[in-house]
Protein chains: 2
Amino acid sequence: MGIVNGTTNYMLSKMSNEHLDYDEVLKEAQAKGYAESDPTADVGGLDAARKVVILASIAFNTRISLKDVLVEGIENIEACDIKYAQSLGYAVKLLGIAKNDPENGITVCVKPTMLPLTHPLAGVNGVYNAVFVNGDAIGEAMFLGMGAGRLPTASSVVGDIIEIARDIQSGSTGRISCTCFKEKKLCPPEKMSAPAYIRLQVLDQPGALAAIAAAFGAQNVSLRNVIQQNAAKGQKAEIVVITHSVSESNLQMALQILRVLPVVEKVSCVIRVEDSSLA
Amino acid sequence: MGIVNGTTNYMLSKMSNEHLDYDEVLKEAQAKGYAESDPTADVGGLDAARKVVILASIAFNTRISLKDVLVEGIENIEACDIKYAQSLGYAVKLLGIAKNDPENGITVCVKPTMLPLTHPLAGVNGVYNAVFVNGDAIGEAMFLGMGAGRLPTASSVVGDIIEIARDIQSGSTGRISCTCFKEKKLCPPEKMSAPAYIRLQVLDQPGALAAIAAAFGAQNVSLRNVIQQNAAKGQKAEIVVITHSVSESNLQMALQILRVLPVVEKVSCVIRVEDSSLA
């Protein structure tokens, strides 16, 4: 998995370190030229999806297409989500994730993700990008560098040109053939499982938490953390939960039920959690 | 620069996270098989020096030999040094460092180093190794992975074998010739400059700090932080200083004078600081 989009990482880092809101940070990123005037491809996750498609194809030796990727952007992340995450020991990052589960197949997605603050990717800030791999023999490894800027970009491109020139000079073009030489099973996104962070805006009335907990329970979604924030003057009451590992389909069903509960005003934010200690 | 020795990184991480002392941690590392019964090559920095010689030769396209490397190990680091470092915002790591200064030439050394906790290498713990590079065009980049263990090691070796097999198969052995095709100037270690952390055991008497500060001043060593710990019952009085950037030769002269000062019982520990914000 990796942080493969500099714009969104700059924005999320800025929101984390300076406790600014999404709109503020986006405007600043645009003013600085880090985000385009139409920022959809970056903040919506499409740019990251294009990159993770290439990485997944190389990693698993099978052809992955953009249509295979479940894509979610950072548009719904608010400053308070990052604050809740920090208080629970997590950083919020937009990750491209590609997993090869021998049983269910390959899943590829882009989504905002909570990572333990001790995870190597959690400290990758600003315009830095990084790819984190977990292999059967190599174990965990990470490759970090700048994700944008004319000199780092030129350096990469010229590095590729030199590599190609060496191949031509030594008469060995086509030395490594296409890496997509297998056809592997894809796992439908509904089967993906991970813990989830859910922030709900609720009516400040007795029984709200009980009703919500019951809705989760009815969908077999068990809860790990619950934070109840009573309404301060002029603010909405909030309930934040972190679930145990839950499949995408069960989570979506639970969210549907929550949305029509009388005590729930709004499902404000849903963020997946990548934390091996919660397995 | 890099963390290129798994044993010492395991030991320093253990000392940092569990506030254990050097001897305790070494014994545990030996019991677990991470450190050999004669741990000199690891804890003395020689193993790291052998690796940084290879890295420096590749990085700067010139031949570096083991005799060019100034080597210092972690034998003098105590739990309290790591605690002081943490309170000042630093982690202590045994680093192999190779710098190419266009004016003075190349310096290569292995030494315990304080790094800002926000530095990517500061979070590389346990048996993980990492190499951090700073290039003219690429900027900063880091490569992290496990530094020991049979599967990661086998993975690297087999990777090299596959690379060689591809070269043979495509008739392009010798595709990349020796990388040491230049002869570059080396910088004598005495000229190396960096801030330094110094822990002194002193007599608990009036004027001790003044005498020590005067000794530093006489060698043109200016101080950035001073921590004076008065003697608790049964403990020695301690003074810890962090200097501004100081050359190795000036530092050594200052240390010589300090060692013969009547108020100084012992120069307990000296650790260089790599912190670009202190330049």
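Quick notes on this structure:
- Averaging Cα coordinates gives a centre for the range B:17-90 and one for the range A:22-60; these two points are 40 Å apart.
- Highest mobility in the GNM of chain B, judged by mean-square fluctuation with C-alpha springs under 10 Å and restricted to B:Asp68, B:Asp167, B:Asp42, is found for B:Asp167.
- Acute angle (nearest 10 degrees) that the helix B:248-260 long axis makes with the longest principal axis of chain B, alpha-carbon atoms: 30 degrees
- Averaging 1/r over every pair of different alpha carbons in the range A:217-263 and inverting the result gives a Kirkwood radius of 12.0 Å.
- Fully extended contour minus Cα-Cα distance, from A:Asn220 to A:Leu203, at 0.36 nm per residue: 3.7 nm
- For chain A: relative contact order, % (alpha-carbon pairs under 8 angstrom, 6 or more apart): 19 percent
- Cβ-defined net charge surrounding A:Glu103, 14 Å radius [Lys, Arg +1; Asp, Glu -1]: +3
- Three-way shape label, the range A:69-187, alpha-carbon gyration tensor, a/c 1.5: oblate
- Ellipsoid equivalent to the range B:1-147 - semi-axes via the Cα gyration tensor, in Å: 26, 17, 13
- Residue-count net charge about A:Leu117 - beta-carbon cut-off 14 Å; Lys, Arg +1, Asp, Glu -1: 0
- Taking N as the residue count of the protein assembly as shown, its C-alpha radius of gyration divided by 2.2 N^0.38 Å amounts to 1.12.
- Against the main long axis of the alpha-carbon atoms of chain A, helix A:6-18 sits at an angle near 40°.
- Buried surface between chains B and A: roughly 1900 Å² of accessible area, summed over both sides, computed with a 1.4 Å probe on protein heavy atoms only.
- Share of Cα-Cα pairs in the range B:136-279 lying beyond 28 Å, as whole percent: 50 percent
- Its relative contact order, with pairs defined as Cα atoms under 8 Å and 6+ residues apart, puts the range B:39-131 at 28 percent.
- Extension gain, B:Thr179 back to B:Ser276 (0.36 nm per residue minus Cα-Cα distance, nm): 32.0 nm
- Between copies, B:Glu28 shows label-point distances of 4.1 nm, shortest first, with the point placed 7 angstrom from Cα along Cα to C-beta.
- Portion, in percent, of the accessible area of the range B:1-86 that falls on carbon or sulfur, probe 1.4 Å: 51 percent
- By the equivalent-ellipsoid construction on the alpha carbon gyration tensor, the range A:57-101 comes out with semi-axes of 30, 13, 6 Å, ordered largest to smallest.
- Gain upon complete extension [A:Ile58, A:Thr40; 0.36 nm per residue less C-alpha separation]: 3.8 nm
- Within 10 Å of each Cβ in A:129-140, the average number of Cβ atoms from other chains: 4
- Two-decimal log10 I(q)/I(0) for chain A, as the Debye equation yields it once each C-alpha is a single scatterer, q = 0.10, 0.12 Å⁻¹: -0.58, -0.82
- Compared with the dominant Cα axis of chain B, that is its longest principal axis, helix B:46-60 is turned about 60°.
- In the context of the full set of protein chains, residues of the protein assembly as shown present 50 Å² of accessible surface per residue (probe radius 1.4 Å, heavy atoms only).
- If you take the Cα centroid of the range B:127-181 and the Cα centroid of the range B:99-123, the two points sit 21 Å apart.
- All other residues whose Cβ lies under 13 angstrom from that of B:Thr243 are scored, Lys and Arg at +1 and Asp and Glu at -1, for a net of +1.
The values are calculated or read from the model by the stated rules, or taken from the named source; none is laboratory data. Bear in mind that the values here come from a model prediction, so they are computed numbers and not experimental data. Neighbour counts run over all protein chains shown; Cβ positions are idealised from the backbone, glycine included. When the accessible area is computed, the model is the full protein with side chains, heavy atoms only, and any ligands, DNA or RNA have been set aside. Shrake-Rupley method; radii C 1.70, N 1.55, O 1.52, S 1.80 Å.
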